[in-house]
Amino acid sequence: MKIHFSILFILCFIFGNSQNKPQPADTFVKDNFTKKEFYITMRDGVKLFTAVYIPKDISNKTKYPFLMQRTCYSIAPYGENEYRTKLGPNQYLMKDKYIFVFQDVRGRYMSEGTFTNMTPQVDHKTKKDVDESTDTYDTIDWLVKNIKDNNGKVGQYGTSYPGFYTAVGVLAQHPALVASSPQAPISDFWNDDFLHNGRFMLGYFRTFPVFGVQKTKPENKTWYSDSMIKTTSEDGLKFYRDMGTLKDGYDKYYKDNFFMTEIMNHTNYDDFWQKRSLLPHLKNVNHAVMSVGGWFDAEDLSGPLNIYKTIEKTSPKAKNTIVMGPFSHGAWAYEQGKHLHNEIYFGDSIATYYQKNIETKFFNHYLKGDTKKDAGLPEALMYDTGAKQWREFTTYPPKEGQKVNFYLSNGTLKNSAGQGSSEYYSDPNNPVLSSDNLKDFNGFTPRNYMSEDQRFAEGRPDVLTFTTDVLTDDMTFAGEIMAKLNIASTSTDADFAVKLIDVYPEDFKPAEKKDGVIYGNYHQMVRSEIMPARFRNSREKAEALVPNQKTAVNFRLQDVVHTFKKGHKIQIQISSTWFPLFAINPQKFLDNPNFATKEDYTKAFIKIFEDSAIEVEVLNK
């Protein structure tokens, strides 16, 4: 069965397998490396399939360190005579040469064992107590002892799910592990990838065969292809409208999918999700860690930020660095020349700059240089997506930032609270769309919406809009954003989707543009997030709203580094539906809203009071 192109694109580029794209003319790897394949036995007896590419000039006098990636997305091609055309995270590290290691994790492809999404950390009391950190330790230990003429140092990297395996591998604390770069990693599964503050990300619906079908034997090809949902129309919205409720979609497509079943049954932040949070375990890290992410990563924006901030708090001995660029999910791995996200141009050769000057320097220093010394990288290298330039910070969030509240008042953003309120009418049967690009809804995962023009939503009666006057000076937001809403609803439940938007001048002319795009008055989304009111007081225990009672709903919108330029305006949009990016809240309190039926859908009048605010950290006022 042929897999749709968008699926291939995600698997190849987004899941870190871009090096597998056929390039017959490129023989560098085969000319310079010898490939060996091994089954490495873990402490509980499970064997993990591992491919090792060893430089041909390795010797007692020319020793090399290891650079390792562990993945659930296949380490193809299989066979010692079958070579990848690309090794490592970039071409510069490949040309510098390392002992490159690739491993199928438990339960995936050629490895033994059972696959578990975001394998929980366990107490290591006996040899049977295993998790991804012990598998990382056992793999490193075997490599150092069995691959001749290595220099005794190991680095690890990975993007997306391999980014999680890198992050959890940090906990292995093997003495040979000196450098880790988790890139777009999952950190807390209840607020990364498939869920945002517990609300299911419906835009991921097509991905579930990849994660929720167990294999029954060693596999060197995808075994879940028959479960993929076929695209039948260019109008991707039609699929979600025809599907009906989330329950309807689950019943029709995924009743036998173990991962979808887990999500459907665990709506609160219960023990299932708590065990899948990596953050409480990131303590006493004592080697170099460089977390990498993209400001337009629709999948794992919060992961690298949370991992960096946690290590910063818990591990003073760690050489801790964070890099955030103007990238979508994993886009730093491949150069596109004129770098655009969706319709917005950010500069030239940005991925190459990162690969050559940051990533290569990080691994070369710690794996081939003096591990005890700092690599000389910035503490925080953050791309300002409004000024369109890299910025370096000695602390992140920047200490020089000042908290500023923008109050939501009668269509405007003000510096003081008002006494009134604004109201909108939310109907789950007629939801606010998350995009006006119907083809994008056919995608394997959402991508473009993160910087998309939001003019299509402005003016709807179920969307509130608050906008500043034209800015007379640049204003830079750098750090965390908090939505501090005071609301009242006629219903017993509701979601709140908040968007931070950069409104361009009417005469704006970009340095680079896409044909057919009207950039004057462009409403570029800068940041957004959704929050179910049911979790306003506790993630563990959902609570109904009291109809018409004023209630506080506070939540983070995730971070930004963005300069709103002179002549632009700052805008906030608020709604209670965001379809089909997120599953619809029925607006009737249910113990498990994932199983809501159309009969549960409840229309509501919702107020946002004028003492509601968006709190940001401003570098200059």
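Remind me, relative contact order of the range 418-487 in percent, using alpha carbon pairs under 8 angstrom and six or more residues apart? About 34 percent, as a whole number. Here the gap between residue 44 and residue 425, fully extended at 0.36 nm per residue and compared with their Cα-Cα distance, gives a gain of 131.5 nm. Ranked by the mean number of other Cβ atoms within 10 Å of their residues, highest first, the peptides 254-260, 605-611 fall in the order 605-611, 254-260.
Given R₀ = 41 Å, FRET efficiency for residue 399-residue 349 by Cβ-Cβ distance, to 0.05? Once rounded, the FRET efficiency stands at 0.85. The relative contact order of the range 465-621 comes to 44 percent, based on Cα pairs under 8 Å that sit 6 or more residues apart.
With only the Cα atoms considered, the chain has a convex hull volume of 147 Å³ per residue.
Does anyone have the angle between helix 302-314 and the longest principal axis of the chain? Alpha-carbon axes, 0 to 90°, nearest 10? Around 70 degrees separate the two axes.
A simple rule links phi to the HN-Hα coupling: the Karplus curve 6.51 cos²θ - 1.76 cosθ + 1.60 with θ = phi - 60°, which for the range 235-247 gives 7, x, 5, 4, 4, 6, 5, 5, 5, x, 7, 4, 4 Hz, with x for Gly and Pro. Enumerate the aspartates and glutamates that residue 513 could reach by cross-link, defined here as Cα to Cα under 20 Å, with residues fewer than 8 away along the same chain left out. Those aspartates and glutamates meeting the cut-off are 335, 343, 348, 384, 436, 440, 452, 453, 502.
Computed with a 1.4 Å probe over protein heavy atoms only, the accessible area of residue 63 comes to about 100 Å². Which residues does a label at residue 556 reach in the range 396-437, if reach means a backbone N under 15 Å from a point 7 Å past the Cα toward the Cβ? In the range 396-437, the label zone of residue 556 (backbone N under 15 Å from the point 7 Å along Cα→Cβ) covers 396-398. Counting only protein heavy atoms and a 1.4 Å probe, the range 520-621 has 34 square angstrom of accessible area per residue. Calculated FRET efficiency, residue 225 to residue 506, Cβ-Cβ distance, R0 = 60 Å: about 0.75 to the nearest 0.05. The fraction of accessible area contributed by carbon and sulfur in the chain is 47 percent, rounded to a whole number (1.4 Å probe; ligands and nucleic acids excluded). Using all pairs of distinct alpha-carbon atoms, the Kirkwood hydrodynamic radius of the range 280-400 works out to 15.0 angstrom. Each Cα pair under 8 Å and six or more residues apart adds its separation to the average, and for the range 335-491 the resulting relative contact order is 19 percent. Average accessible surface for the range 267-309: 26 Å² per residue, computed with a 1.4 Å probe over protein heavy atoms with every protein chain in place. Relative to the current alpha-carbon distance between residue 436 and residue 313, full extension at 0.36 nm per residue lengthens the span by 40.1 nm.
When shorter helices are ignored and each DSSP H run of at least 4 residues is given -39500 (n - 2.57), the per-residue value for the chain at 222 nm works out to -4000 deg cm²/dmol. Fully extending the segment from residue 95 to residue 460, taken as 0.36 nm per residue of separation minus the present Cα-Cα distance, adds 126.0 nm.
Which angle between 0 and 90 degrees, to the nearest 10, do you get for helix 132-146 versus the longest principal axis of the chain when only C-alpha atoms count? Roughly 20 degrees, rounded to the nearest 10. For the set 86/153; 97/388; 230/499; 35/86, the pairs lying more than 24 angstrom apart at their alpha carbons are 97/388; 230/499. For the pairs 255/598; 514/565; 47/361; 356/566; 238/603; 338/372, note any where the Cα-Cα span goes beyond 26 Å. Violating the 26 Å limit, Cα to Cα: 47/361; 356/566; 338/372. A Förster radius of 60 Å, combined with the Cβ-Cβ distance separating residue 32 from residue 256, puts the computed FRET efficiency at roughly 0.85. The residues packed around residue 496, meaning those with a beta-carbon under 13 Å from its beta-carbon, carry a net charge of +3 if Lys and Arg are +1 and Asp and Glu are -1.
The values are calculated or read from the model by the stated rules, or taken from the named source; none is laboratory data. Because the structure is a prediction, the values reported are computed rather than measured. Every residue, glycine as well, gets a Cβ built from its backbone with ideal geometry; the counts of neighbours run over all protein chains shown. The protein model used for the area step is the full one, side chains on, heavy atoms only, and it has no ligands, DNA or RNA in it. Shrake-Rupley method; radii C 1.70, N 1.55, O 1.52, S 1.80 Å.
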